[in-house]
Amino acid sequence: MEHHDFEIGLATALLAAKGDRLDALRMLADALARAGRHAEALDADRRILKIDPKNPTAHYNLACSYSNLDQLDKAFQSLEKAFECGYRDYKHLLRDRDLEKVRKDPRFRTFLDKRWGKRQARK
């Protein structure tokens, strides 16, 4: 059994006992994403945002799930929301494998220019 399988089982059991536990939802979403189960991770990300709608990391993770599912319009919308809510980890944004499809999209340069500034984005 891989570690993420254990985490999925544990988080699922915790959520069965009490369905709105943020810690269990975060564990579940992360483990599902690492397992490549992106549609299920997307559902977990949405559940997190129902409980904590202004969480910047949750919006960022939602963007990652959308990117992995080739839903780039929604990925960009979620990234915008993440930054509106305070997400600022540009280094992670530039290397996160889950956002590879987003970074290949021409809109990504515009997004960086808007959020980071043209001078910084081109360094």
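Residue check, A33 against (1) free of Cβ contacts under 8 Å to residues at least 40 places away in the same chain; (2) crowded, with 20+ Cβ neighbours inside 10 Å, all met but one. Which one?
(1)
Tell me, which residue of the stretch 6-22 that is in contact with a Leu (Cβ under 8 Å, 6 or more places away or on another chain) and in a helix (DSSP H, G or I) is nearest to S65 (Cα to Cα)?
Per the criteria, the residue is I8.
Given L28, L15, L42, L22, which one is loosely packed, with under 15 Cβ neighbours inside 10 Å and in contact with a helix residue (DSSP H, G or I) (Cβ under 7 Å, 6 or more places away or on another chain)?
On the way: L28 fails: loosely packed, with under 15 Cβ neighbours inside 10 Å; L15 fails: loosely packed, with under 15 Cβ neighbours inside 10 Å; L42 fails: loosely packed, with under 15 Cβ neighbours inside 10 Å.
Just a single option satisfies the conditions, and that option is L22.
I'm checking my understanding of the structure. Among residues of the stretch 55-96 that are modelled with pLDDT of 95 or more and of a type in the set (K, R), which one is surrounded by the most Cβ atoms within 10 Å (Cβ to Cβ)?
So, considering only residues that are modelled with pLDDT of 95 or more and of a type in the set (K, R), the one surrounded by the most Cβ atoms within 10 Å (Cβ to Cβ) is K81.
The values are calculated or read from the model by the stated rules, or taken from the named source; none is laboratory data. Just so you know, these numbers come straight off a predicted model, no measurement behind them. Virtual Cβ from ideal backbone geometry, glycine too; neighbours counted across all protein chains shown.
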